[in-house]
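Everything on this sheet refers to the single structure shown next.
What follows is calculated from the coordinates using simple rules that are stated; it is not laboratory data. Model, not experiment: these values are computed from the prediction. Cβ placement follows ideal geometry from the backbone for every residue including glycine, while neighbour counts extend to all protein chains displayed.
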Amino acid sequence: MAAALQTNTRLNPINVVPGRSLTNPSRAPCRVRCAAASPGKKRFNIALLPGDGIGPEVISVAKNVLQQAGSLEGLEFNFQEMPVGGAALDLVGVPLPEESFAAAKQSDAILLGAIGGYKWDNNEKHLRPEMALFYLRRDLKVFANLRPATVLPQLVDASTLKREVAEGVDMMIVRELTGGIYFGEPRGIKTNENGEEVGFNTEFYAAHEIDRIARVAFETARKRRGKLCSVDKANVLDASILWRRRVTALASEYPDVELTHMYVDNAAMQLIRDPKQFDTIVTNNIFGDILSDEASMITGSIGMLPSASLGVSGPGLFEPIHGSAPDIAGQDKANPLATVLSAAMLLKYGLGEEKAAKRIEDAVLDTLNKGFRTGDIYSPGNKLVGCKEMGEEVLKSVDSKVTATV
Ligand code: IPM
Ligand code: MG
């Protein structure tokens with residue numbers, strides 16, 4: 001029932017992050033198994049990690065939508081909400097308390113809001129909110145990050161690109177999430193022999209890390225339009241030379257997938273010039289970070305894009321790709337749809353509940369069809385709504401679809 005990718009590779013054991021305990025955690029680790037059974041219902045444990053900034057607002061909307069869509073498909077959820085990021089730093093002084101990690105690890109799937117904010121920007125590195133994200137990704141071993149970028153017909157005009165360039169874009173970026181320069185050693189800031197400070201990081205990929213993400217990408221492409229573009233910098237970086245070699249070697253196992261390679265600078269350009277040429281893209285951690293932000297703009301707003309982070313076993317981590325947007329936090333201006341769509345990915349990729357996922361996706365499209373828009377995707381002639389109202393409209397659409405099909 002938990003997220004599982006079909007790969008035959010194994011993950012290295014990684015230590016769980018040490019952290020101070022929450023003083024009074026309201027933990028109920030076996031709530032699902034202990035709950036009185038409702039006949040015919042499937043039950044899932046969902047860890048909610050709202051985080052910072054607009055995180056709590058968008059998570060609250062997504063939670064309601066998840067619950068509603070799930071109940072229509074006979075699914076029951078036990079939600080356990082835990083602090084991460086800046087919220088956890090304020091509460092107990094660490095970005096990822098042990099209890100938050102344990103709740104996440106024991107769940108069937110994790111829905112995360114956003115992490116970070118001005119308040120903690122000057123914290124020492126190990127006390128930065130973002131560390132929670134890295135610990136979660138690393139220790140849950142969710143190496144495969146799926147970031148779809150689809151231009152919805154309703155939002156073509158919100159794209160910064162011309163209609164004829166943006167219309168019909170539908171791609172999936174498969175980003176490697178637990179390796180590369182984000183985690184590579186050696187890293188640090190030190191004083192060199194000339195007494196000058198130097199900062200350094202290491203782009204590091206072992207063959208098995210490349211193979212397992214490439215397999216996910218080939219499988220993903222196979223279920224889509226059968227085209228895979230591997231993005232690297234093999235004209236300069238050794239890690240990319242190995243990357244290209246390994247991806248190329250695997251291609252023979254996927255004769256039905258057309259594999260191409262592209263340097264990352266060219267890929268950045270092609271994404272703007274002719275994004276429709278891409279179906280599935282596979283790339284390393286940092287290139288995936290950058291290209292997925294770029295791709296998101298083609299779709300009109302980063303506020304629309306969900307993501308799924310999956311490992312070989314254990315719960316998947318589902319989160320919008322946008323940040324915590326501290327400038328609009330608490331003002332009911334955030335677009336909750338990326339998180340709502342992340343809840344749909346949670347159902348589909350995390351729990352294998354495709355019907356409930358489809359209910360959410362359909363409800364989002366229906367809400368957009370009715371003209372409801374948050375500020376980031378607003379264009380004249382539509383109805384400007386806040387985060388809460390958008391959530392209420394999506395809920396209505398989830399319900400009205402039922403009435404329509406009964
Ligand atoms: C993302 C984010 C993170 C990343 C930040 C918040 C550390 O940009 O998920 O894309 O760089 O991975
Ligand atoms: Mg990013």
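Points to keep in mind about this one:
- Karplus-derived HN-Hα couplings along segment 100-111 (A = 6.51, B = -1.76, C = 1.60, θ = phi - 60°), whole Hz, x at Gly and Pro: 5, 5, 4, 4, 5, 5, 7, 7, 8, 6, 10, 10
- The listed peptides 246-252, 171-177, ordered by packing as a protection proxy, come out as 171-177, 246-252 (highest mean of other Cβ atoms within 10 Å first).
- Using a Förster distance of 35 Å, the FRET efficiency for Gln331-Ile241 (Cβ separation, nearest 0.05): 0.15
- Fraction of C-alpha pairs exceeding 25 angstrom in segment 156-300: 33 percent, rounded to a whole number.
- Counting only DSSP beta bridges with both residues in segment 156-300, the antiparallel share comes to about 20 percent.
- Debye intensity ratio in log₁₀ form over the Cα atoms of segment 273-351, taken at each q of 0.14, 0.18 Å⁻¹: -0.55, -0.88
- Total formal charge among the other residues, if their Cβ is under 13 angstrom from that of Ile328, Lys/Arg +1 and Asp/Glu -1: -4
- Considering only Thr339, Leu365, Ile328, the residue lying farthest towards the positive end of the dipole of segment 278-406 is Leu365, judged by Cα position with unit charges set on Cβ.
- Computed 3J(HN,Hα) for segment 271-285, one whole-Hz value per residue from the Karplus formula 6.51 cos²θ - 1.76 cosθ + 1.60 where θ = phi - 60°, is 4, 8, 6, 8, x, 5, 5, 9, 10, 10, 10, 10, 7, 6, 4, glycine and proline marked x.
- Backbone amide hydrogens, once placed in the peptide plane, bring Gln80 within less than 5 Å of Ile46, Ala47, Leu48, excluding anything fewer than 5 places away on its chain.
- Segment 156-300: Lys pairs at Cα distance under 30 angstrom, eight or more positions apart or on different chains: 9
- Cα-centred dipole magnitude for the chain, charges only on beta-carbon of K, R (+1) and D, E (-1), debye, nearest 20: 1100
- Over the chain, the Kirkwood radius and the radius of gyration, each from Cα atoms, give a ratio Rg/Rh of 0.96.
- Relative packing of peptides 210-219, 346-355, 367-376 - highest average C-beta neighbours within 10 Å first: 210-219, 346-355, 367-376
- Residues in segment 175-191 that a label on Thr202 would reach, taking backbone N under 20 Å of a point 7 Å out along Cα→Cβ: 176-191
- Here's how it looks for Ala334: its modeled amide H is under 5 Å from those of Cys387, which are all 5 or more places away or on a different chain.
- Couplings 3J(HN,Hα) for segment 56-61, derived from phi with the Karplus relation 6.51 cos²θ - 1.76 cosθ + 1.60 (θ = phi - 60°), are x, 5, 6, 5, 4, 5 Hz, where x marks Gly and Pro.
- The chain: antiparallel DSSP beta bridges as a percent of all, rounded to 5: 35
- Normalised by the number of residues in segment 156-300, the average gap of Cα pairs under 8 Å and 6 or more apart makes the relative contact order 38 percent.
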